[in-house]
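Right, one structure below, let's go through it.
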Amino acid sequence: MPTLELKNVSYAYEKGREVLQSANAELETGKMYAILGPSGSGKTTLLSLLGGLDTPTQGKVLFDGEDIMAKGLEHHRRNHISLIFQSYNLIDYMTPLENVRLTAKLDAAPILKRLGLKQDEITRNVLKLSGGQQQRAAIARALASDAPVILADEPTGNLDADTAGEITAVLKESAHAFGKCVVVVTHSGEVAKQADVVLEMKRGHLKEREIL
């Protein structure tokens with residue numbers, strides 16, 4: 001059984017423009033998925049639907065075979081989903097250690113260090129860290145949660161190529177070694193090459209694409 005599933009999901013804005021039309025997809029634990037598509041194609045909207053931040057115009061989003069509306073979107077977000085934003089969304093007056101401890105079910109320090117942050121960095125104010133270090137802290141926060149699904153919106157968009165490659169490797173490891181279902185919205189072909197499955201948004205339709 002898939003961890004997350006889209007069943008005939010459509011979504012339209014108030015003005016009637018349909019950005020998603022009868023989308024179907026099965027997303028499994030232990031795999032990293034990349035969602036590609038041009039700007040404005042609805043990639044972030046799709047991520048919001050998967051994360052219970054918005055509701056479909058038609059169709060259902062299922063978690064472990066159950067409609068996420070059955071127990072409520074707040075239950076889905078709180079128990080099933082960890083979000084990683086391009087803007088990191090760290091609390092800026094805290095350290096990485098303090099940020100991760102807010103949602104951690106596991107000891108925060110080993111996870112931060114596993115992601116390449118040193119002892120002095122995990123206890124430093126996040127505003128004094130580089131973009132790559134901040135993104136590592138954001139990913140650590142997602143890993144420290146026991147939520148089985150990680151949804152990442154352009155997690156490498158503001159990073160240099162080397163750091164982006166390292167972050168992508170961490171996300172892939174999150175799926176393969178930590179047993180998460182990882183879904184990454186990206187413009188990057190390099191990120192897509194590392195995914196187990198690539199889904200493409202195009203003119204409102206979601207289709208699996210061959211990895212080149």
Subject >> Two-decimal ratio, region 104-210, of alpha-carbon radius of gyration to 2.2 N^0.38 Å >> reply: 1.12
Original post:
Once phi is turned into θ = phi - 60°, what whole-Hz ³J(HN,Hα) does the Karplus curve with 6.51, -1.76 and 1.60 give for every residue of region 107-115, x standing for Gly and Pro?
Top reply: 4, 6, 4, x, 5, 4, 5, 4, 8
Subject >> For region 50-107, convex hull of alpha carbons as volume per residue, Å³ >> reply: 108
**OP:** Could you rank the peptides 69-76, 130-137, 48-55 by their average count of other C-beta atoms within 10 Å per residue, with the highest value first?
**Re:** 130-137, 48-55, 69-76
Subject >> Total formal charge among the other residues, if their Cβ is under 13 angstrom from that of Leu112, Lys/Arg +1 and Asp/Glu -1 >> reply: +3
Original post:
Taking H as built 1.01 Å from N, whose amide H comes closer than 5 Å to the amide H of Thr55, not counting residues under 5 places away?
Top reply: none
Original post:
Using modelled backbone amide H atoms (1.01 Å from N, in-plane), which distant-in-sequence or interchain residues come within less than 5 Å of Met94's amide H?
Top reply: Val126
Subject >> Ranked Thr156, Thr57, Thr3, criterion: other C-beta atoms within 10 Å, fewest first >> reply: Thr57, Thr3, Thr156
Subject >> Under 5 Å, built H, 5+ apart or other chain: amide partners of Ala195 >> reply: none
**OP:** Could you let me know the centre-to-centre spacing of region 1-32 and region 120-167, using Cα atoms, in angstrom?
**Re:** 26
Original post:
What does a probe at Leu73 reach in region 5-47, counting residues whose amide N is under 19 Å from the point 7 Å along Cα→Cβ?
Top reply: 5-23, 42-47
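Every read-out reported here was derived from the displayed coordinates using simple, explicitly stated rules and does not represent laboratory data. What you see is a predicted model, and the numbers here were worked out from it, not measured in a lab. Every residue, glycine among them, receives a Cβ derived from its backbone with ideal geometry; neighbour counts consider all protein chains shown.
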